[in-house]
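See below for the structure under consideration.
The values are calculated or read from the model by the stated rules, or taken from the named source; none is laboratory data. Remember, it's a predicted structure, so these values are computed and weren't measured experimentally. Heads up, the Cβs are rebuilt from the backbone with ideal geometry, glycines too, and the neighbour counts pull from every protein chain shown. With ligands, DNA and RNA removed, areas are computed over all heavy atoms of the protein, side chains included. Shrake-Rupley method; radii C 1.70, N 1.55, O 1.52, S 1.80 Å.
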Amino acid sequence: MSFVRRTLEALAGLSSTRWSYAITNPELLDTVLAQQTATATREAVDHAYEASLFNVDELHLQPGLLEARSDLLADVHYLEGLLIAARARNLAPELIERLAAAVDTGHELTVHLADAARATLTDH
């Protein structure tokens, strides 16, 4: 786990009760998932604007692609740890299957981001 993730989780554990327990109510879990989606959607406008404003050519895109890939790699490795733990503890097969799919998709996305970063190296 990355230093940043460990630090954020430690701080979240100290300052937020949301991170200190699992949600057992399906309706509450759906509410949390919907809130996450709504927050990401609200922030998407700002992210898209910033990306379009500063990224005027291929090389300007490269740092953002590399940063996104780095962040994603850390998250995928974290998910792999969750998957390993789920398998080791013989947790629900559906959970293991969905975690494995998320890990595979994450790895596939890191490959696409690496390819996109390589595509920024055009003749200048």
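Can you say whether residue 109 is modelled with pLDDT of 95 or more, assigned to a helix (DSSP H, G or I) and not polar (S, T, N, Q), as far as the supplied structure shows?
yes
Quick check, is residue 16 modelled with pLDDT under 90, open to solvent by 70 Å² or more (accessible area, probe 1.4 Å) and either touching a Phe, Trp or Tyr at 6+ places or on another chain (Cβ under 9 Å) or small (Gly, Ala, Ser) (or both)? Outline the logic, then answer.
On the way: modelled with pLDDT under 90: yes; open to solvent by 70 Å² or more (accessible area, probe 1.4 Å): no; either touching a Phe, Trp or Tyr at 6+ places or on another chain (Cβ under 9 Å) or small (Gly, Ala, Ser) (or both): yes.
Criteria not met by residue 16.
Residues in segment 72-106 that are among the polar types (S, T, N, Q) and either assigned to a helix (DSSP H, G or I) or open to solvent by less than 90 Å² (accessible area, probe 1.4 Å) (or both): how many?
So the count comes out to 1.
Looking at segment 113-124, is at least one residue open to solvent by 60 Å² or more (accessible area, probe 1.4 Å), outside any helix (DSSP H, G or I) and acidic (Asp, Glu)?
Taking every residue of segment 113-124 in turn, at least one turns out to be open to solvent by 60 Å² or more (accessible area, probe 1.4 Å), outside any helix (DSSP H, G or I) and acidic (Asp, Glu).
Going by what's in this entry, would residue 61 be described as farther than 23 Å from residue 102 by Cα, in contact with a helix residue (DSSP H, G or I) (Cβ under 9 Å, 6 or more places away or on another chain), surrounded by 13 or more Cβ atoms within 10 Å (Cβ to Cβ) and at pLDDT 80 or above? Break it down into steps so the answer makes sense when it comes.
On the way: farther than 23 Å from residue 102 by Cα: yes; in contact with a helix residue (DSSP H, G or I) (Cβ under 9 Å, 6 or more places away or on another chain): yes; surrounded by 13 or more Cβ atoms within 10 Å (Cβ to Cβ): yes; at pLDDT 80 or above: yes.
In short, yes.
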